[in-house]
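K.L.:
My structure is below; once you've seen it, I'll send some questions.
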Amino acid sequence: MSATGESKPFSFIDFYSRRVRRIFPSLIFCLLTFLVLGWFVLLPDEYSLFGKHTMGASAYVSNLLLWSEAGDYFQTASQTKPLLHLWSLGIEEQFYLIWPLVLFIAYKLNFNIFTLALVGALASYGFELRSVHDNPTAAFYSPFLRFWELMAGSILAWLKLYKGEMFTGIANKVGPYLSAVLQRDSTKTDSVRLCGNILSVIGLVLILTAVFALDNRDFPGYKALLPVMGAVLMIAAGKDAFLNRYLLSNRVMVWFGLISYPLYIWHWPFLSFAWIVGGEMPQLKVRIGCVVLAVIMSAVTYYFVEPRLRWGRYGGYKAAGLLSVMVIIGVTGYSIDRHDGYTARMNDPDQAVIDELNKKQYADNQRCLEFIPDWNRMSIRWPHNELTQCKLQRAEGQNTIAVIGDSHAGHLYLGLISHTRENEGIALFPAGCAVPLIGLHSWREPNTEHQLSEGFSYIMSHKNIRKVVLSHRTGCSWTYLTDTRNPGNHDVRSILRDGFARTYEALTKAGKEIYVLIDNPIYKGGSWHKCMASIVRRPVPIPDLLLTKSISSCSMKFSERQEIEPRNNWIKVSRETAAGYSNIHFIDMADVFCSDGRCSMMDRTGRMMYLDNEHLNVTGSLYAAPFILNALRK
């Protein structure tokens, strides 16, 4: 339809141009605002992640990016992802990219549009129901598994446009019966309005039930029917339904409806930034302030930004300009992520050393890829990829110590290479959540058994490697463990025992000294963010109102360490299996990070040693390395 109400031929260019002018202005304004704010507020790791998510948001693939990050133990808390909410906008725009093309092709092929939409919606919903248990992450983020929710609106729009008289006929037939049951004098009833009132009430009840009664377990699944069908029923009820006329048509509700899209864009980044700088749930008054600020910015966007870009002449030029700006924003986000959040902003005297170490580990990784070329490809899905990349410190034949395991082996590398002597060299073979025992893999990453087997082959075929360190986060192999040599065995302790026996025997025959590294302390979820908020110096001063006041989250009692049972089981089985071997030794990282019954994330000078709740940063790696190397040199 044209602006005058006259019909005109459909144009894809016109459709997507209007779509760009509708959704780009608010998002561009928001992304630019928080890119600037992030430069002054966020730490390098935080700004790097924000840059990565900005890149995803600019391409409307936030859902796919978040999907790729989900389900691993590097996963960043959702509260510290300021653009997390844009997953739904990504799905929406992917729908608007694909669905018009499908409809166009169906129309040209003379397919029944209603049947196509109905079958598509049912298929999408059916696959989602199947995935919500088997692959809940896909069920949540996959566009094809969420398209049914948008297609429900498409089906309703088609019915209202082409079968409106059918709704009226059904209402006129059913209305008198409903009136006889519900009203004292059924002769005064407007059947259409009565049915509309009933539909709107049912719809509101479904929506309120979804808001207040549902939890996030097994969601979306069948639970998503409540809000979707609730919205469909309220829209189907029409503007004359009582709730729609007096509740949704209220001036306040209408105003919030007008700014609803900008408010959707603005609300979460403010709350997330407050959480990031405070390290925990912001105070109530801070949360209220964030919501008020989001409403103000939404109003500014609606009244001063959108009108100039969405309406008026030169629509095609405006769309092209908006598209160009969004590309620039995406490239900016990529650059921020590629440059690790621009660490020079921090004026950290240690940063130059860290930057040099990072350059070195890149070269060391390239050296390893000459022998195991597919290692990086097998680790590509992991954030903090540098912790799961193989590395060789020195040239072929000059490395004397091998470290093999998961990312908890990877985070030791920079510290170790900084303290090795001229006659020593480190060969590193880490894989995400991998078990450094021959033939075993954890439930998280079944492919890592093949990956580490290449590492073990390298170690055992090189006589210059005399000492081998086995490093592992024991929680990865606690709930589910598989022995590829004996897949029928499902007893975790038995599988571990066989894995240790097999690994000890193979490495001993190869003439290696074996060192089992007992993992560093792991903290409760959220502890790292709270600790960072209390001690970190951000690029600009942060108001006290937003900051965590106590540094108690930076340490814990020895008994409060996480994953104690898996750790104790790992120690028990590894020591029992080592009986009779004189070449097997144990190094306990608790001796490095704990003393007098407490463990700390900070070193003696107050610097943070952890990258998150479990991984060491460069400072922590440098702190632990002398202890490990002293044990290896005995």
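K.L.:
Residues to consider are GLY330, GLY312; find the one that is without any contact (Cβ under 8 Å) to a residue 24 or more places away in the chain and of a type outside the set (A, V, I, L, M).
P.N.:
Criteria check complete, one pass: GLY312.
K.L.:
Continuing with the same structure: Keeping to the stretch 83-114, report how many residues are among the hydroxyl-bearing types (Ser, Thr, Tyr) and more than 27 Å from TYR141 (Cβ to Cβ). Quick ask: steps written out before the conclusion?
P.N.:
Taking the stretch 83-114 as the starting set, the residues that turn out to be among the hydroxyl-bearing types (Ser, Thr, Tyr) are 88, 96, 107.
Filter once more, so that each one left must be more than 27 Å from TYR141 (Cβ to Cβ): 107.
Total satisfying the criteria: 1.
K.L.:
Now a separate question. Residue by residue through the stretch 505-545, note down the ones that are modelled with pLDDT of 90 or more and at positive phi. Please lay out each step first, then the result.
P.N.:
First pass over the stretch 505-545, keeping only residues modelled with pLDDT of 90 or more: 505-523.
Within the stretch 505-545, just GLY511 meets the criteria.
K.L.:
Would you mind telling me which numbered condition in (1) outside any helix (DSSP H, G or I); (2) in contact with a Lys or Arg (Cβ under 8 Å, 6 or more places away or on another chain) ARG217 fails?
P.N.:
Answer for ARG217: the failing condition is (2).
K.L.:
Another question, then. Could you give every pair whose Cβ atoms fall below 7 Å, whose first residue belongs to the stretch 35-59 and is more than 19 Å from TRP275 (Cβ to Cβ), and whose second residue is surrounded by fewer than 22 Cβ atoms within 10 Å (Cβ to Cβ), counting only separations of at least 6 or pairs across chains?
P.N.:
MET55/GLY330; MET55/TYR334; MET55/ASP337; GLY56/LEU65; SER58/MET326; SER58/ILE329; SER58/GLY330; ALA59/GLY330
K.L.:
Another question, then. Given the conditions (1) part of a helix (DSSP H, G or I); (2) touching a Phe, Trp or Tyr at 6+ places or on another chain (Cβ under 8 Å); (3) not small (Gly, Ala, Ser), which single one is not true for ARG497?
P.N.:
Checking ARG497 against (1) part of a helix (DSSP H, G or I); (2) touching a Phe, Trp or Tyr at 6+ places or on another chain (Cβ under 8 Å); (3) not small (Gly, Ala, Ser), the one that fails is (2).
K.L.:
Hey, among the residues in the stretch 63-116 that are outside any helix (DSSP H, G or I) and of a type in the set (Gly, Ala, Ser), which one's modelled with the lowest pLDDT?
P.N.:
Taking the candidates together, the pick is GLY71.
K.L.:
For the stretch 458-483, enumerate the residues that are farther than 14 Å from LEU496 by Cβ, open to solvent by 40 Å² or more (accessible area, probe 1.4 Å) and assigned to a loop (DSSP other than H, G, I, E, B).
P.N.:
LYS463, ARG466
K.L.:
For residues that are open to solvent by 70 Å² or more (accessible area, probe 1.4 Å) and under 17 Å from GLY153 (Cβ atoms), tally how many sit in the stretch 194-215. Spell out how you get there, then give the answer.
P.N.:
Let us first name the residues in the stretch 194-215 that are open to solvent by 70 Å² or more (accessible area, probe 1.4 Å), namely 201-202, 205, 208, 211-213.
Keeping just the survivors that are under 17 Å from GLY153 (Cβ atoms) gives none.
Of the residues in that region, 0 qualify.
K.L.:
Mind listing whichever residues of the stretch 233-283 are part of a helix (DSSP H, G or I), open to solvent by 20 Å² or more (accessible area, probe 1.4 Å) and hydroxyl-bearing (Ser, Thr, Tyr)?
P.N.:
TYR246, SER260, TYR261, TYR264 - these are the residues of the stretch 233-283 that are part of a helix (DSSP H, G or I), open to solvent by 20 Å² or more (accessible area, probe 1.4 Å) and hydroxyl-bearing (Ser, Thr, Tyr).
K.L.:
Does VAL327 fit the bill of being open to solvent by 80 Å² or more (accessible area, probe 1.4 Å), in a helix (DSSP H, G or I) and either under 17 Å from PHE34 (Cα atoms) or in contact with a strand residue (DSSP E or B) (Cβ under 8 Å, 6 or more places away or on another chain) (or both)?
P.N.:
yes
K.L.:
Test LEU392 against the stated conditions and say whether it is free of Cβ contacts under 8 Å to residues at least 40 places away in the same chain, within 30 Å of ASP350 (Cβ to Cβ) and touching a Lys or Arg at 6+ places or on another chain (Cβ under 6 Å). Step through it out loud before you land on a result.
P.N.:
On the way: free of Cβ contacts under 8 Å to residues at least 40 places away in the same chain: yes; within 30 Å of ASP350 (Cβ to Cβ): yes; touching a Lys or Arg at 6+ places or on another chain (Cβ under 6 Å): yes.
So LEU392 fits the description; yes.
K.L.:
Scan the stretch 84-112 residue by residue and report those that are open to solvent by 40 Å² or more (accessible area, probe 1.4 Å), of a type in the set (A, V, I, L, M) and either within 28 Å of ALA57 (Cα to Cα) or in contact with a helix residue (DSSP H, G or I) (Cβ under 6 Å, 6 or more places away or on another chain) (or both).
P.N.:
LEU97, ILE98, LEU101, VAL102, LEU103
K.L.:
Would you check which residues across the stretch 484-494 are among the charged types (D, E, K, R) and in a helix (DSSP H, G or I) and list them?
P.N.:
Hit for the stretch 484-494 is ARG493, nothing else.
K.L.:
Could you check, for the stretch 193-212, whether at least one of its residues is within 23 Å of TYR141 (Cβ to Cβ), touching a residue at least 40 places away in the same chain (Cβ under 8 Å) and among the charged types (D, E, K, R)?
P.N.:
The answer is no, given that none of the residues of the stretch 193-212 is within 23 Å of TYR141 (Cβ to Cβ), touching a residue at least 40 places away in the same chain (Cβ under 8 Å) and among the charged types (D, E, K, R).
K.L.:
Then there is this: Do we find that LEU437 is assigned to a strand (DSSP E or B), open to solvent by less than 20 Å² (accessible area, probe 1.4 Å), touching a residue at least 40 places away in the same chain (Cβ under 8 Å) and touching a helix residue (DSSP H, G or I) at 6+ places or on another chain (Cβ under 6 Å) in this structure?
P.N.:
Considered against the rule, which asks whether it is assigned to a strand (DSSP E or B), open to solvent by less than 20 Å² (accessible area, probe 1.4 Å), touching a residue at least 40 places away in the same chain (Cβ under 8 Å) and touching a helix residue (DSSP H, G or I) at 6+ places or on another chain (Cβ under 6 Å), LEU437 comes out as no.
K.L.:
Run ILE380 past the list (1) farther than 19 Å from PHE627 by Cα; (2) modelled with pLDDT of 95 or more and report the number of the one that doesn't hold.
P.N.:
Unmet condition: (2).
K.L.:
Still on this structure, please answer the following. Of all residues being at pLDDT 90 or above and of a type in the set (S, T, N, Q) in the stretch 351-377, which is surrounded by the most Cβ atoms within 10 Å (Cβ to Cβ)? Just the residue, please.
P.N.:
That would be ASN365.
The values are calculated or read from the model by the stated rules, or taken from the named source; none is laboratory data. Just so it is clear, the model here is predicted, and its values are computed rather than measured. In this analysis, Cβ positions are derived from the backbone assuming ideal geometry, glycine residues included, and neighbour counts consider all displayed protein chains. All accessible areas refer to the heavy atoms of the entire protein, side chains included, with ligands and DNA or RNA removed. Shrake-Rupley method; radii C 1.70, N 1.55, O 1.52, S 1.80 Å.
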